[in-house]
1. How much accessible surface does A:E229 have with a 1.4 Å probe, in Å² rounded to 10?
2. For B:S302, what charge total do you get from the other residues with a beta carbon under 9 Å from its beta carbon, if Lys and Arg give +1 and Asp and Glu give -1?
3. Which percent of the accessible heavy-atom area of the protein assembly as shown goes to carbon and sulfur, probe 1.4 angstrom?
4. Helix B:264-280 sits at what angle to the longest principal axis of chain B, using alpha carbons and giving 0 to 90 degrees rounded to 10?
5. Need one value: the accessible area of A:S148 in square angstrom, 1.4 angstrom probe, rounded to the nearest 10.
6. Are any of the pairs A:K48/A:K243; B:K232/B:K265; A:K85/A:K280 more than 28 Å apart by Cα-Cα distance, and if so, which?
7. Restricting to DSSP H runs of at least four residues, report the calculated mean residue ellipticity at 222 nm for the protein assembly as shown, -39500 (n - 2.57) per run over all residues, nearest 500 deg cm²/dmol.
8. Keeping every protein chain present and rolling a 1.4 Å probe, give me the accessible area per residue for segment A:8-254 in Å².
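The values are calculated or read from the model by the stated rules, or taken from the named source; none is laboratory data. Fair warning: this is a prediction, and the values are worked out from it, not measured in the lab. Here the Cβ is made from the backbone with ideal geometry for all residues, glycine too, and neighbour counts use every protein chain on show. Quick note on the areas: whole protein, heavy atoms, side chains included, nothing else; ligands and nucleic acids left out. Shrake-Rupley method; radii C 1.70, N 1.55, O 1.52, S 1.80 Å.
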Amino acid sequence: MKRTAPMFQDYLRPDKRFPSVWCPGCGNGVVLGCILRAIHALDIPRDKVALISGIGCSGRMPVYADFNTLHTTHGRALAFATGLKLARPDLYVIVVMGDGDAMAIGGNHFIHTCRRNVNLTAIVVNNRIYGMTGGQCSPTTPSDLIASTATYGNIDQPIDICHLAALAGAAFVGRSTVYHVRELEKIITKGLDKKGLAVIEAVSNCHTYYGRLNKIGRATDMFKWMKEETAPITVVPEKRKGKITRGIFMDKDTVGFIQHYEQLVEKAIKNMEMLRQWKKKRLGPDINAKKAQVANNT
Amino acid sequence: MGLKLKSKPISELEYIKWDPEKVVYAFSQGNETCAESAVLAGCDFFGGYPITPSSEIAEVLSRRMPQEGRVFVQMEDEIASMASIIGASLGGARTMTATSGPGFSLMQENLGYAITTEIPCVIVNVQRLGPSTGGPTSPSQSDYMQVKWGTHGDHPIIALSPSTIQEVMELTIVSFDFAERYRTPVILLMDEVTGHMREKVGYPRQEDISIFTRSNELPESGDYKPYDLSVKSGVPPLISFGEGVRYHVTGLIHDEYGFPTRNRKEIRDWYDRIYRKIDNGLDRILRYDLYNLEDADTVIISFGISARTGLEAMIQARKKGRKVGMVKLLTLVPLPEEMLKEVIANVDRVIIPEMNRGQLILDIERLNKKGIDIIPVNRYDGEIISPGDVLDAIGGC
């Protein structure tokens, strides 16, 4: 694995689309940085990477990266990615989604992509709120917290992205935060190298809405919050109580959907051959001549 | 009087080289035929979700696609089906999905995405009664307007409608050609009857079919513009992902390079181009069969299974000495307006049988500058229109 820092301009489109749409201090840039370093570490050529996103702040990420980039519809990124990956298994397909994108409107696609265990890397940037549209409540907004559509406090329970992914069948599930940059980068690198679906939750900050509405403070305060309110999976459970756990929750050896499909193709071709031989035995050697004869008679 | 118009049959396109020695005949159902024809047309990827009355297409392809080493995937819903075929198409595959009304409604979101990003794909809609769950096994032709305007925003689209199983076969192949040639989703608008009816069909061999194929050639300048405005035809060549050109695709209104834009000129030019590319192709896109127009004073205009009814009514009326002609529309969207205008200008009345409460008639009325009688024959009770219904409209038979 290469540990040298990448030349970012090699992976970005600096002459075209900067400055970014993100607020100063936003975690999206950190996630993008981690993705680029992971790609660099694994030495994947840019032509072989497809970066796909949904709608939201994280959805704008592909614009800045010099890969095959696809900015899809809200919540549907994984379904687009499934199609692309099946058509081009040689591509590394990375999907970036937000929490609202992946868990609310795209919740069903998320579950079924996990179930199929498609060979993709799915990164969910979880800032616990809809940032781009103005701080509305999302499926990961904690109970009682304030959002612009939960002005009296959120009465819903938040969903645990990693738990859901592991239960639904993803081969690899991990979580880190945009404060723990090296850790996040390491998890993404592992995920990229995984056969089957890798789901990585990147806990991020939206100080503009989440931080302000819930009086957590500015970007730096939110980074401090990520440092203090999370704990690695390696520490004893008592020390993790009430905190967000970071680390790898699932890492199983699977072949993934692509290989399963290849096996199915082999089976189908074999069956077809068997059928052909059976027909040959039953109908005699020249089936086509017989068919033509039948056709002429009709 | 005396129309000199000529039919524009599918055969004129010459996508299929018919070799009488090599044709294989089958007694085949519409949905099965559609699936087999997709395989013949080189469909590499099918993503779908079961729905009556289109499910046989998915069933047949789940068996056939792996045999050919191609991809069949059953997605979690029609939204995902549509997304998956767009993703696969961007990866270089010829792609198709099949559905019916409720599923087609779910597809509208990503159908708009395919139009905006100009990614080729084929969507088969085997119509049933609607709205909502409607009548799953009842035939209908009530999605005509949805095909045109189902997804939001100004957009052109191509829709083809077969009335016989042979036409199902040929139009399926044409759909794949039009999709790639004009970089647009193409809708094959069938109905429950053309989906489930069985008829004799002649199949060509795969090697006798030649349709438009993406070249994936990089431009000499090395400057690839996936949405180039300067291309005369209005269709910039599409290069698949992973072929060595890294570019951006977005559902946002974009510039020539595919990046989001809010430049008013770029926005306007983009809209004008996506309409222009269809307009430029009208000569090829517009397909219709004309019958007995030379001396006709009454003309039946219809599509799909109702065109079969119309033809039968025409034959019976002719036997009674009535001067009835027939226009069978194979291309529904865009409508062959010039031809229809000429027909309307030269006859006394037009009869429009359709299995809905009157959708195609709205577009025909728009062309009726002369103010001739336009008589609807509608049926929307889940049964097909009988020739008698049309003969009643003709009158005196």
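1. Around 70 Å² of this residue is reachable by solvent.
2. Numbers: positive: B:R308, B:K328; negative: B:E354.
Summing Lys and Arg as +1 and Asp and Glu as -1 gives +1.
3. On the protein assembly as shown, the fraction of accessible area on carbon and sulfur atoms equals 51 percent.
4. Relative to chain B, helix B:264-280 is tipped by roughly 50 degrees.
5. In the full protein context, A:S148 sits at about 50 Å².
6. On the way: A:K48/A:K243 38 Å; B:K232/B:K265 18 Å; A:K85/A:K280 38 Å.
Result: A:K48/A:K243; A:K85/A:K280 exceed 28 Å.
7. Result for the protein assembly as shown, helices only: -11500 deg cm²/dmol.
8. Heavy-atom SASA per residue in segment A:8-254 reads 39 Å².
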